[in-house]
1. Where the second residue is open to solvent by less than 50 Å² (accessible area, probe 1.4 Å) and hydroxyl-bearing (S, T, Y) and the first is at pLDDT 80 or above and lies in region 24-51, which pairs have Cβ atoms under 6 Å and are six or more apart or on separate chains?
2. Given the conditions (1) surrounded by 12 or more Cβ atoms within 10 Å (Cβ to Cβ); (2) not in a loop (DSSP other than H, G, I, E, B), which single one is not true for I11?
3. For residues that are exposed (fewer than 12 other Cβ atoms within 10 Å of the Cβ) and either closer than 22 Å to A23 by Cβ or among the small types (G, A, S) (or both), scanning just region 39-58, find the one that is farthest from the chain's Cα centre (by Cα).
Amino acid sequence: MFAFSAFLSQIEPKHIKEALKDADWIAAMQEELYQFERNNVWNLVHRPSDRTFIGTKRVFRNKLDEFGNTTRNKARLVVQGYNQEEGIDYDKTFAPVARIEAIRILIAFASHMKFKFFQMNVKSAFLNRYLK
């Protein structure tokens, strides 16, 4: 395990300038951009002059195992949602997250019905819908 974790960055950069100095974080950013391209979830377009735009920023996190060892560097490109105004920039919000109550009900039902239950990790999830 120590040999594997030696190839991962142990620090979490606060800014993109810090991350660009580390090859491990550059690889993590490239991996996410590859996922965008592979899932065909974005197109690079010119900025319309008559529209406001919402900026993005990078968030860097180390994924840890049960012993606290770094197992993966995760770089996410996130929208700066604090720049939005309800009714102008958005009407509804969506989060692809399951509530803990729903997970508990699912596990209880699977146990009651004696279903086999499997866990799967999702590397990346995208809301793939056209936005107006």
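1. The qualifying pairs are D24/S9; W25/S9; Q35/S124.
2. Every condition holds for I11 apart from (2).
3. Here the answer is S49.
Quick grid of which residues meet (1) out of contact with any helix residue (DSSP H, G or I) (no Cβ under 6 Å at 6 or more places or on another chain); (2) open to solvent by less than 100 Å² (accessible area, probe 1.4 Å); (3) in a helix (DSSP H, G or I); (4) modelled with pLDDT under 80:
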| position | (1), (2), (3), (4) |
| --- | --- |
| E66 | yes, no, no, no |
| N73 | no, yes, no, no |
| I88 | yes, no, no, yes |
| T93 | yes, no, no, yes |
| V97 | yes, no, no, yes |
| I105 | yes, no, yes, no |
| A108 | yes, yes, yes, no |
| K116 | yes, no, no, no |
| S124 | no, yes, no, yes |
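The values are calculated or read from the model by the stated rules, or taken from the named source; none is laboratory data. As the structure is a prediction and not an experimental result, all values here were calculated from the model. All Cβ positions, glycine included, derive from the backbone under ideal geometry; neighbour counts span all protein chains shown. Side chains are part of the model used for accessible areas, which takes the heavy atoms of the whole protein and leaves out ligands, DNA and RNA. Shrake-Rupley method; radii C 1.70, N 1.55, O 1.52, S 1.80 Å.
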